[in-house]
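One structure is given here, and the rest of the page talks about it.
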Amino acid sequence: MFKRMSLALLASASCLGAGLDQAQAIEAAAAPEPNVIYADQAPPPAPVRMAYAERSKMGGGFIEFLFGDGPNQGDRYQQQPDYQRPVYPQPAYQQPAYQQQPSYQPQGALLPQQEEAIDPGQRPFDPKFEKQLVDYSGKERPGTIIVDTPNKFLFLVQGDGKALRYGIGVGKPGFTWSGIKTVSAKKEWPDWTPPAEMLVRRPDLPRHMEGGPQNPLGARAMYLGSSLYRIHGSNEPWTIGTNVSSGCIRMRNEDVIDLYGRVNVGARVVVI
């Protein structure tokens, strides 16, 4: 090594144009003083190699990389695990259950299938067909009966601009009629003899039926002229407000009893 350094210094001096004497002087100055050990002198201690724990204080970065034990120095250079995104359980989407909303239905109204399922005798009576005192502005005199077929009301004119109004059942399609009649007779709990025309249509009907609660003419009957038509009661009050008869004017028994007591034979009857 000493020879290599001398040659390097000599080459440097030559390149700078220095003489041989100057080169020798530099070489003599660069030569180390020989280490002389005398007999009564203890030899110098051998150099101690630093332990790893001491060398670890040499500083970080490039120096530790040169003098350390490689990338696995203790826990500092352990390979870190790859980052993993946490997985959160996702609830399965469920279609909300929608309940079908009932269609709008007026209070008290019945659907067709409900009407068919109900016993006719249990059908409610519409309160608008109850007997009422109403205003009347027509020209008919008191005591006159007016039958409003389309609206299914019977009016008994009272005078002073008033009339008693009753609910009625009227003729089925093809059996309605209009005109002016008079009350020709009155009977309580009348017998009933179906006319020949009705027996042709309904051969199952009896040929004659005594008066009473089961009689189709009900509690009272008021006959209209010489016709077969009557204003009479009914044991089927649920038919009031409907087209149900063969031309007769049908009333509830309590209503026909009330009208019967207010009307005289010969009273005028106007059917419209």
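Taken together, the values in this text are just the output of simple stated rules run on the coordinates, not laboratory data. Everything quoted here is computed from the prediction, not taken from an experiment. Neighbour counts run over all protein chains shown; Cβ positions are idealised from the backbone, glycine included.
Table for the structure above
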{"read-out": "The stretch 121-271 - charge dipole about Cα centre, Lys and Arg +1 at Cβ, Asp and Glu -1, debye rounded to 20", "value": "280"}
{"read-out": "Likely footprinting exposure, K162, K128, fewest C-beta neighbours within 10 Å first", "value": "K128, K162"}
{"read-out": "Label-to-label distance, nm, for residues given as S246 and W189 (7 Å Cα→Cβ offset)", "value": "2.4"}
{"read-out": "Sites S226 and K128 - FRET efficiency at Förster radius 45 Å, r taken between beta-carbons, to 0.05", "value": "0.85"}
{"read-out": "Approximate spin-label separation N264-A196, in nm, with each point projected 7 Å along Cα-to-Cβ", "value": "3.7"}
{"read-out": "Cα gyration tensor of the stretch 121-271 - equivalent ellipsoid semi-axes, whole Å, descending", "value": "25, 17, 15"}
{"read-out": "Kirkwood hydrodynamic radius of the stretch 187-256, from inverse mean 1/r over distinct Cα pairs, in Å", "value": "12.3"}
{"read-out": "Farthest positive-ward along the stretch 121-271 dipole, Cα basis, beta-carbon charges - from I145, Y260, M209", "value": "I145"}
